[in-house]
Amino acid sequence: MRRASRWVPAISLASIIWWSSSVPGSDMPPSDFNSLAHFAVYALLAVAIHFALSRDHDAETTWILAILLASAYGAIDEIHQSFVPGRSPDIVDWGWDTLGAAVGASAAHRARSRRKRQPTGPTAEG
């Protein structure tokens, strides 16, 4: 049960992304921050995926899988938008999704590496 619960943040975020991509284009507010939104949301998704995978894989595998899974989800979501009235897939949006995923997974990877290097017991100073 614990292993499955680690996926709750990633699945929740993926569900929110899917839901927001289902909104017809005519109901979407105009946004000057579309690229930034794609970048930020997929960075968070990659962090959540990294968290879910981190106990079952080594650091490098976790990092790569987090990027690949978040990017693949971005591609699937862009295809999904082709079925939503007033929406269309956009390779540039997918590029921002992938860049955000790479940055998010890299940040999670660095944090995991730092956490593993920190001493866990009492220090010699104490």
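Points worth noting:
- Only residues that are over 10 Å from residue 43 (Cα atoms), without any contact (Cβ under 8 Å) to a residue 60 or more places away in the chain and touching a Gly at 6+ places or on another chain (Cβ under 7 Å) were counted across the range 69-115, and they come to 1.
- Selected residue (only one of 43, 66 is surrounded by 12 or more Cβ atoms within 10 Å (Cβ to Cβ), free of Cβ contacts under 8 Å to residues at least 60 places away in the same chain and among the aliphatic types (A, V, I, L, M)): 66
- Count - residues of the range 1-11 that are in contact (Cβ under 8 Å) with a residue 12 or more places away in the chain and surrounded by 10 or more Cβ atoms within 10 Å (Cβ to Cβ): 4
FYI, it's all coordinate maths here, none of it is from the lab. Keep in mind that what you see is a predicted model, and the values were worked out from it rather than measured. Positions of Cβ are backbone-derived with ideal geometry, glycine not excepted, and every protein chain shown enters the neighbour counts.
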